[in-house]
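These notes concern the structure reproduced below.
The values are calculated or read from the model by the stated rules, or taken from the named source; none is laboratory data. Remember, predicted model here, so these are calculated numbers, not experimental data. Counting neighbours? That spans all protein chains shown, and the Cβs are built from the backbone with ideal geometry, glycine included.
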Amino acid sequence: MLPTQLRTFYAVAREGSFTAAAKVLRVSQPTLTSQIKNLEETYGVELFHRHGRGVALTEVGKSLLSIAHRIVSNQEEAVEFLKAVQGLEAGHLNIGAVGAYQAAEILAIFHKKFPGIDVSVTFGNSQQILDDVIDYRADIGVVGHHADHAALHALTYSNPQPIVIVPRSHPWRKRKTIRLKELTSQMMIRREPGSLTRHTFESALARDGIEVRYGMEIGSKDGVVAAVARGIGTGVISEDEHIPDRDVHALGISDIGVKMQVHIVCHAERQGSRLIRPFFDVANDLASHRN
């Protein structure tokens with residue numbers, strides 16, 4: 001097997017399609033298709049199930065992906081090492097984050113210290129990001145779930161609380177806090193499954209035997225804020241996700257009694273990476289100043 005065939009297989013497996021992999025590798029799709037076909041014919045195996053515009057790994061393909069990842073990671077580590085010798089003047093990090101605020105605070109300092117490192121940030125809920133880190137689709141995650149997983153290395157970064165947001169026209173607009181039981185009078189907007197904010201808030205409700213009414217479920221913090229601003233309902237977000245907004249008013253929950261934990265995570269196998277380790281150093285320094 002040639003190194004180019006292995007990298008082609010790895011790219012197609014990660015991206016889920018020949019088209020997407022071709023863009024990542026900057027080669028034509030027919031070239032990729034030909035390389036995979038030759039690889040399968042050479043060893044008499046089927047690596048992918050083709051369906052529509054996408055592909056799915058066969059059992060053989062899944063096993064090969066695990067091996068391919070180790071080989072590609074070792075190659076990337078060698079490149080990272082050589083770049084590190086130059087003083088981290090180049091490189092790329094893929095970061096998944098639960099919110100812009102949590103990521104931006106760390107990235108501002110990291111970019112100042114290492115301006116040559118390119119960073120790509122994608123947003124999602126904690127479970128999505130943890131899955132991406134475990135499956136090597138992301139280098140680093142900024143997440144809410146307690147990262148107690150053997151495949152992960154984690155640093156506790158902050159301990160925010162859930163807060164309530166209402167439209168500026170709401171009767172609570174001049175209040176600073178509310179109690180959980182008062183939310184029974186509201187039509188609530190719910191975050192998606194996997195959201196730590198949702199899990200923490202609903203755990204507090206269950207603890208106190210309180211039931212609230214939900215009128216809508218929205219899969220992002222920004223979506224919740226937009227819906228609240230338009231008067232659709234009352235929302236709950238993390239306090240460190242809140243940016244003062246002229247359209248919504250934020251209130252603390254006086255008897256919430258629980259806090260969340262924001263973690264910085266990476267794959268345990270990669271915690272010594274020449275790019276990942278400096279990011280953790282920055283995050284750890286910021287976290288120590290919070291305490």
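Quick test of your reading of the structure: THR184 fulfils all but one of (1) surrounded by fewer than 16 Cβ atoms within 10 Å (Cβ to Cβ); (2) touching a residue at least 60 places away in the same chain (Cβ under 8 Å); (3) of a type outside the set (D, E, K, R); (4) not in a loop (DSSP other than H, G, I, E, B). Name the failing condition by number.
Here THR184 clears every test but (2).
Hey, HIS289 hits all of (1) over 30 Å from VAL212 (Cα atoms); (2) touching a residue at least 24 places away in the same chain (Cβ under 8 Å) but one; which does it fall short on?
Tallying (1) over 30 Å from VAL212 (Cα atoms); (2) touching a residue at least 24 places away in the same chain (Cβ under 8 Å), HIS289 fails exactly one: (2).
Give the residue that is surrounded by the most Cβ atoms within 10 Å (Cβ to Cβ), with candidates limited to residues of the range 1-33 that are within 14 Å of VAL55 (Cα to Cα) and β-branched (Val, Ile, Thr).
The residue in question is VAL12.
If you check THR156 against the conditions, is it under 17 Å from the mean Cα position of the chain (by Cα), touching a residue at least 24 places away in the same chain (Cβ under 8 Å) and part of a helix (DSSP H, G or I)?
Spelling it out, it is not the case that THR156 is under 17 Å from the mean Cα position of the chain (by Cα), touching a residue at least 24 places away in the same chain (Cβ under 8 Å) and part of a helix (DSSP H, G or I).
I'm trying to understand the selection: among the residues of the range 185-207, which are closer than 13 Å to ILE253 by Cβ and either out of contact with any helix residue (DSSP H, G or I) (no Cβ under 7 Å at 6 or more places or on another chain) or of a type in the set (S, T, N, Q) (or both)?
Within the range 185-207, GLN186, MET188, THR197, THR200, PHE201, GLU202, SER203, ARG207 meet the criteria.
Check the range 201-211 and report whether any residue there is among the β-branched types (Val, Ile, Thr), at pLDDT 95 or above and crowded, with 22+ Cβ neighbours inside 10 Å.
No, the range 201-211 contains no residue that is among the β-branched types (Val, Ile, Thr), at pLDDT 95 or above and crowded, with 22+ Cβ neighbours inside 10 Å.
On the given criteria, is SER120 surrounded by fewer than 16 Cβ atoms within 10 Å (Cβ to Cβ) and part of a strand (DSSP E or B)?
Yes, satisfied.
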